[in-house]
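Down below is the structure, laid out as structure tokens.
The values are calculated or read from the model by the stated rules, or taken from the named source; none is laboratory data. Since the model is a prediction, treat every value here as computed from it, not as a measurement. Reconstructed Cβ throughout: ideal geometry from the backbone, glycine too, with neighbour counts over all protein chains shown. Surface accessibility is based on the protein's heavy atoms, side chains included, excluding ligands, DNA and RNA. Shrake-Rupley method; radii C 1.70, N 1.55, O 1.52, S 1.80 Å.
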Amino acid sequence: MISNESLLSASIATLHKEYPYINQFLEAYPFLSRQPHDQPLARILLELESQDEDLAFDAQSFLNQMREFIVQMQEFLGQNEGNVEVITVLPGRDKHGNPEAYESVELLKGTVTSIVGPTGSGKSRLLADIEWVAQGDTPTGRSILVNNRPPDTDWRFASGRKLVAQLSQNMNFVMDLEVEEFLMLHARSRMVNDAETLVQRIIAKANELAGEKFGPQTPITALSGGQSRALMIADTAILSSSPVVLIDEIENAGIDRRKALELLIREEKIVLMATHDPILALMADQRIVISNGGIAKLIVTTPEEKLMLSELEHYDRKMMAFRNQLRIGGLLHELKES
Amino acid sequence: MNLITISGPPSSGKTSVIIKTAAQLMQKGLKVAAVKFDCLHTDDDIAYERAGIPVKKGLSGALCPDHYFVSNIEAVVDWGLQNQFDVLVSESAGLCNRCSPYIKEIMAVCVIDNLSGINTPKKIGPMLRMADIVVITKGDIVSQAEREVFAARVHAVNPAAMVMHINGLTGQGAFELASLLMTGRREITSLKGSKLRFSMPSALCSYCLGETRIGASYQMGNVKKMNMEEQP
């Protein structure tokens, strides 16, 4: 266990050597970098005492926070990531207090589950239950198991690692950065070892998903809707710390949705997808039907349904061809039957 | 009564988060009231009233809002005690990044939003660094990557805090915040003798007293000068 005393006797140089990630924490205290790096911290803090008010600096809380940061980082780096194999949703009750009529829903890693139901039926609450790792303590009374038991990790408060990552149509990039810079920033905040390789892989994958190509130097805010979606999905699949990915519809424009799902599956994510698009719903292994705030039933996609998928995809391609015909300025009836 | 101090930069979503969280607390049968501290103008009291939350508002006008807050919080607490509220939420806008409105042993929540820029966590002083809970809002409109980067930055300046995401429009996450607040609750009967977690920004110069003229000869008291030479 690290003590405040041991931190006080260390110099800034030693801290950097022993805890390479301490940089992230010290960045918020730029005035410290102007202090001699070879002096014990205790001495530096003593020197700073006279300016505490000006710097809005409190040595005691600084020390406590630094210790907390190191302890958490050591835990974070020591833990085996990607170890969530299965999430189980145990029944609670619907909006009227009726018990939910299913036994349990299992969400396995590398599989896709779609969620269907009218707006306001309780899709968000289901997600929130999973994210909060509900233990019968939410309005639905549901319980969530992680790897078949009540979770031992404190998923609720671990700020470095949330259970659920989210992708929705309303999300936009807002940072003023180029694609590569942006991904490097994300990679650094996740403290991965081979950041550069990962970043290149994300760009390559995103380009496979996107209809139109983009380069590492494209500003992220200049990406088209389809390109943004592709980059968000590739980034979430490869770099996000969260084992569960929630997708709120993927519009059928400028992105290969089948490839997008395949990428998430290959990266062993547990994929949940709220959708009313029959093609997407059929790409899922199972679907949860929600009504009145409760899970009404769980349908496993049948072989008959899977057969319909190719028919639906045929119509889909046809629509795409018409759309393309419009884009290039042609007449719709001139499009040949495919 | 439980006192909860909530603070955060202007327009970060404090009022929305409080109203959505209060609704959850009221569903559990608790009596919730609020006090809104601001500088020149606020309509948030109307929003609170509409939500059925008794509210007092205080406008600091020409004074530092932080100083105004600390000089008035005791009377506000007495008001809450007299009315037998279970939970009293004080909301104050962090109008300068040096704001420091938290009180020792009183639950402190900082609300900050994903759109404020990734360097913002570094710029905010005690208001973020000394909070017990940090609520991040507006996560529904930025990418997952940006949410993760922002949360990591918040974590770097306040590793001890619990960090959570709330959507102020839909209220997603408010139930969870309400449960957290109730787990960490602490009954108080007075603020007499309580102490601030950190000293407030200070000012005591001729401009505080209404001076408007510019020039060294008009500057008296606690005056601080930029060092123009040392900077590159």
* Asked: What figure in square angstrom, to the nearest 10, would you give for the accessible area of B:Lys195 with a 1.4 Å probe?
  -> 130
* Asked: Which whole-number percent is the relative contact order of chain A (Cα, under 8 Å, 6+ apart)?
  -> 19
* Compare B:Thr189, B:Thr15, B:Thr212 in a GNM of chain B, Cα atoms joined below 10 Å, and give the one with the largest fluctuation. => B:Thr212
* Take B:Gln84, project a point 7 Å from its Cα along the Cβ direction, then tell me which residues of the range B:1-34 have their backbone nitrogen under 20 Å from it. => B:1-3, B:25-34
* Between B:Glu211 and A:Lys318, with labels modelled 7 Å along Cα→Cβ, what's the label distance in nm to one decimal, could you check? => 8.2
* To do: Just the number, please: carbon plus sulfur as a percent of the accessible area of the range A:4-78, 1.4 Å probe, no ligands or DNA/RNA counted.
  => 47
* Asked: What does the accessible area per residue of chain B come to in Å², with a 1.4 Å probe and no ligands, DNA or RNA counted?
  -> 46
* Relative to the present Cα-Cα distance, how much length would full extension add between A:Ser291 and A:Glu85 at 0.36 nm per residue of separation? -> 71.4 nm
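Show A:Met175, B:Met220 ordered by accessible area, largest first, where the area counts protein heavy atoms only and the probe is 1.4 Å.
Per-residue accessible area, sorted high to low, gives B:Met220, A:Met175.
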* To do: Grab the beta carbon distance between B:Ala62 and A:Ala59, set R0 = 25 Å, and tell me the FRET efficiency rounded to 0.05.
  => 0.15
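Given the DSSP H assignment, sum -39500 (n - 2.57) over each helix run of at least 4 residues in chain B and divide by its residue total; what's the result at 222 nm in deg cm²/dmol, nearest 500?
-9000 deg cm²/dmol
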* Structure fact -> For A:Arg258 the rounded accessible area (nearest 10 Å², probe 1.4 Å, non-protein molecules ignored) is 100
* Zone of B:Tyr218 (label point 7 Å along Cα→Cβ, backbone N under 16 Å): which residues in the range B:181-206? -> B:205-206
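Would you work out what percent of the accessible area of chain B, with all protein chains in place, is carbon or sulfur (probe 1.4 Å)? Walk me through the numbers before you get to the answer.
On the way: 5780 of 10580 Å².
Carbon-and-sulfur percentage of accessible area, whole number: 55.
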* Asked: Within 10 Å of each Cβ of A:92-102, how many other protein chain Cβ atoms are there on average?
  -> 0
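For chain B, what is the Kirkwood estimate of the hydrodynamic radius, computed as the reciprocal of the mean inverse distance between distinct Cα atoms, to one decimal in Å?
For chain B, inverting the mean 1/r across all distinct Cα pairs yields 18.7 Å.
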* To do: Round to a whole angstrom and tell me the spacing of the C-alpha centers of the range B:78-103 and the range B:135-164.
  => 24
* Could you let me know the centre-to-centre spacing of the range A:235-256 and the range A:160-220, using Cα atoms, in angstrom? => 11
* Using a Gaussian network model of chain B with C-alpha springs under 10 Å, which one of B:Val149, B:Val135, B:Val17 is most mobile by mean-square fluctuation? -> B:Val149
* Using just the helices of chain A, give the 222 nm mean residue ellipticity in deg cm²/dmol: DSSP H runs with n ≥ 4 each add -39,500 (n - 2.57), and the total is spread over all residues, rounded to 500. => -13000 deg cm²/dmol
* Label A:Thr14 and B:Asn72 with points 7 Å out from Cα along Cα→Cβ: what is the distance between them in nm? -> 5.0
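List the trypsin sites (Lys or Arg not before Pro) within the range A:191-238 that fall in a DSSP loop (any state other than H, G, I, E or B) and whose Cβ has at most 16 other Cβ atoms within 10 Å.
Filter output for the range A:191-238: A:Lys213.
Counting pairs of alpha carbon atoms under 8 Å apart in space and at least six apart in sequence, what relative contact order in percent does the range A:33-165 give?
Relative contact order of the range A:33-165: 21 percent.
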* Springs between alpha-carbon atoms under 10 Å, Gaussian network over chain A: tell me which of A:Leu282, A:Leu55, A:Leu239 tops the mean-square fluctuations. => A:Leu55
* Pick out, in residue order, every one of the GluC sites (Glu not before Pro) in the range A:277-338 that is DSSP loop and has at most 14 other C-beta atoms within 10 Å; say none if there are none. => A:Glu337
* **Rounded FRET efficiency, nearest 0.05, which uses the C-beta distance separating A:Arg43 from B:Lys195 and R0 of 22 Å** => 0.20
* Arrange the residues A:Thr119, A:Thr221, B:Thr21 by how much accessible surface each exposes, largest first, with a 1.4 angstrom probe. => A:Thr119, A:Thr221, B:Thr21
* Structure fact -> Ordered by number, the GluC sites (Glu not before Pro) in the range B:55-142 that occupy a DSSP loop and have at most 15 other Cβ atoms within 10 Å are B:Glu105
* Asked: Does a label point 7 Å from the Cα of A:Arg258, set along Cα-to-beta-carbon, have any residues of the range A:85-125 with amide nitrogen under 17 Å, and which are they?
  -> A:112
* **B:Thr5 accessible area, 1.4 Å probe, all protein chains in place, Å² to nearest 10** => 0
